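Computed from the coordinates by the stated procedures, all read-outs in this text should not be read as laboratory data. Computed from a predicted structure; not experimentally measured. Glycine gets a Cβ as well: all are built from the backbone with ideal geometry, and neighbour counts include every protein chain shown.
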Amino acid sequence: MSEKTAPAATASGDDASMDVAAIRAKQAREGQTYGAIVRSQLRKNRAGMAGLRVILVIVIMAILAPLLANDRPVVARYKGETCFPAFTTYVDVWIPWRGLRYEMKSLKIAGGYPFSDHYAVLEGKTWKEALEQDSANVSFSLSPPIPWHPNQISKTELKQGPSWSTRHFMGTDDQGRDVCSRIVHGCVVAVTVGVVAMGIAAFIGIVFGISAGYFGGWVDMVLSRLVEVVMCFPTFFLIIAVISFLPPSIMNIMIVLGLFGWTGIYRLIRGEVLKCRSLDYVTAARALGVPARGVMFRHILPNAISPVFVSVAFGIAGAVLTETSLSFLGFGDPSVPSWGEIVSQGRQYVVEGKTHLVMFPGLAIFVTLTAFNLFGQGLRDAMDPRLRR
């Protein structure tokens with residue numbers, strides 16, 4: 001009997017240990033936050049992670065664009081002074097007021113527009129002229145990897161093909177501007193348009209959606225009818241109609257894209273709020289006297305905003321595509337190096353064999369849109385429990 005019962009006892013002990021392990025595993029799973037579960041699921045999605053890595057590369061290129069492609073050195077020692085000329089691009093973009101720009105002299109950030117207004121050591125020269133004509137006074141100079149400004153025109157280098165010897169890695173366009181420099185600075189336009197346009201759309205969609213879902217009644221009816229009216233118009237042609245009455249500007253494109261791209265986010269938030277407003281924690285918050293604004297934005301919104309992230313990821317890709325399409329059709333700012341504008345200017349020279357004028361910007365558009373769509377799909381799969389294995 002003892003020999004027969006021993007295996008049974010051992011088996012029961014194994015079962016008990018397995019049950020304890022299963023319980024501990026279940027507790028560990030239940031102890032994870034929602035964000036940790038989403039991150040864990042997203043890491044398992046190879047396509048989504050590949051898209052995220054490409055997006056990070058594009059964002060880094062956009063942030064470092066003045067240091068990657070510029071006709072001014074990153075750092076130079078000229079006449080005994082150490083200066084950082086390439087950094088003035090950030091100053092010119094973010095601090096457009098002359099009084100504040102003059103204060104940057106104390107940082108020895110020289111070479112702004114116009115060059116003679118910012119640093120006396122240049123004596124009225126540009127940095128290119130100073131480095132070429134006064135090399136005896138230059139003890140050190142570190143140029144960007146792409147030593148060309150995106151709007152730098154050269155009449156002697158028109159429509160040249162890619163060349164490593166001339167450092168035109170993707171060739172030049174019909175005005176002698178470096179294509180690689182324009183594509184790198186085009187990342188700034190793509191990232192800015194996507195983030196700003198979808199930021200405006202997300203703000204409008206969230207505020208309107210949570211108001212309609214929480215209050216219901218006439219508020220829901222008015223906002224829902226407004227959404228139906230906006231959705232009845234073809235978005236792209238509506239944007240073209242509005243842009244045609246405005247001066248060519250990337251800012252105008254971003255604002256118009258945001259003002260007409262919020263309907264999808266509104267419907268997502270409204271549906272989630274309709275489900276959440278009848279749950280116990282909302283009822284408890286109301287019973288404790290929490291004001292409506294607190295219930296909406298402190299209790300309901302954190303539990304209803306998850307689908308918005310997926311919509312924003314896809315929306316950024318749509319905003320980039322719309323901006324490139326508008327620039328291709330001539331509604332963008334010609335002074336801004338947009339990928340659509342580069343393709344538009346180069347398409348007429350394809351018959352001459354200058355395929356690099358459309359191939360490289362077209363590839364940049366394709367890679368960017370694919371990356372955002374892959375990341376959006378991976379994020380959707382990670383957030384939706386029904387799509388998990």
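Tabulated results
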| quantity | calculated |
| --- | --- |
| At 0.692 mPa s and 37 °C, Stokes D of segment 229-304 from Kirkwood alpha-carbon radius, µm² per second | 218 µm²/s |
| For segment 115-252, convex hull of alpha carbons as volume per residue, Å³ | 215 Å³ |
| Relative exposure of LEU379, LEU321, LEU238, judged by other C-beta atoms within 10 Å (fewest first) | LEU238, LEU321, LEU379 |
| Residue exposure sequence - SER311, SER181 - by fewest surrounding Cβ within 10 Å | SER311, SER181 |
| Cα-centred dipole magnitude for segment 134-203, charges only on beta-carbon of K, R (+1) and D, E (-1), debye, nearest 20 | 80 debye |
| Full-extension gain in nm, THR355 to LEU238, via 0.36 nm per residue minus C-alpha separation | 38.9 nm |
| Sorted by Cβ density within 10 Å, fewest first, the residues SER141, SER135, SER344 | SER135, SER141, SER344 |
| Cleavage-rule hits (chymotrypsin sites (Phe, Trp or Tyr not before Pro)) in segment 233-269: DSSP loop, at most 12 neighbouring Cβ within 10 angstrom | PHE245 |
| Selection from GLY289, ILE342, VAL312, by position along the positive dipole direction of segment 267-389 (Cβ) | GLY289 |
| Extension gain (nm, one decimal) between ILE37 and ILE255, 0.36 nm per residue minus Cα-Cα | 75.0 nm |
